[in-house]
Structures are given as structure tokens and as C-alpha cells.
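*Asks:* What follows is a structure written as C-alpha cells; I'll ask about it next.
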Amino acid sequence: MSSNKLKSVWAKQIALIAGSFLLGLVLTYYFGFIAGLSLNIIVLVGLVFYIRRSQQKALRNLGFSDEKAGGRYAPTESKISLKYVCMSCGSRVKGAKCATCGSQAKRATF
């Protein structure tokens with residue numbers, strides 16, 4: 001990663017921290033401590049959800065998705081699911097426990 005990109009990321013993070021601090025001060029001043037703190041938390045949680053949604057949208061535009069393996073360029077149209085194998089006896093597990101030995105230790109196979 002180049003140092004310019006790293007400086008840009010740091011600048012955005014510092015701006016977000018400073019902005020949330022100032023927003024908290026302003027909301028606390030005008031609405032009191034409890035109401036200002038709760039409004040500040042609501043705004044910050046909303047901001048986090050907005051950022052996550054925009055990042056997921058950007059990743060979908062690049063072809064990444066959680067629907068199927070390989071993104072939209074996968075050769076199959078069906079969903080690929082994980083299969084689990086019991087680590088104690090080696091049989092296939094469907095659920096939380098192994099049907100044969102009752103163990104909860106399982107590993108994913110691809």
C-alpha cells in the first residue's frame with residue numbers, strides 16, 4: 001500500500017473521530033447529557049450501517065456476492081453449500097451434533 005493511500009485512510013479516520021466528538025458535544029449541549037448521548041449513538045450506528053451498505057454495493061458491482069461461489073462468473077447457477085464432517089468418527093454431519101457419535105466437533109469440507 002502506498003503511503004499516500006495510507007495517509008488518506010488515516011485522514012478519513014481522524015476526521016470521523018473528530019466529527020463524532022464534535023457532534024457529541026453539540027448534541028449534549030443542546031439536548032442534555034442523556035438525550036445527547038443517545039442521539040449521538042443513534043447517529044453513529046446509522047453512519048456505520050450506511051458505510052457498510054455502500055461498501056457491499058461497491059463489492060457487488062465488482063462481482064463479489066454471497067449468493068454463490070465464484071461470483072456472477074461462476075459456471076453453475078446453483079448455490080454451493082458447505083458440507084460438514086464429524087472430527088471424531090468421520091461421518092457426515094447435518095446439524096449441530098453428529099448423528100452417529102453425538103460429538104459437536106465438526107469441520108467443513110469443500
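The values are calculated or read from the model by the stated rules, or taken from the named source; none is laboratory data. All values reported here derive from a predicted model rather than from experimental measurement. Glycine also receives a Cβ, built like all others from the backbone with ideal geometry; neighbour counts cover every protein chain displayed. Surface areas here come from the heavy atoms of the whole protein model, side chains and all, with no ligands, DNA or RNA. Shrake-Rupley method; radii C 1.70, N 1.55, O 1.52, S 1.80 Å.
*Asks:* Among the residues of the range 29-65, write down those that are polar (S, T, N, Q), in a helix (DSSP H, G or I) and farther than 20 Å from LYS12 by Cα.
*Replies:* SER38, ASN61
*Asks:* Answer yes if at least one residue in the range 61-84 is surrounded by 13 or more Cβ atoms within 10 Å (Cβ to Cβ) and modelled with pLDDT of 85 or more, and no otherwise.
*Replies:* Checked the range 61-84: at least one residue is surrounded by 13 or more Cβ atoms within 10 Å (Cβ to Cβ) and modelled with pLDDT of 85 or more.
*Asks:* Starting from residues that are among the aliphatic types (A, V, I, L, M) and open to solvent by less than 80 Å² (accessible area, probe 1.4 Å), keep the ones in the range 49-60 and report whichever is farthest from GLY19 (Cα to Cα).
*Replies:* Only one residue tops the list, namely ALA58.
*Asks:* Yes or no: the range 3-11 includes at least one residue that is more than 20 Å from the chain's Cα centre (by Cα), among the aliphatic types (A, V, I, L, M), open to solvent by 80 Å² or more (accessible area, probe 1.4 Å) and modelled with pLDDT of 85 or more.
*Replies:* no
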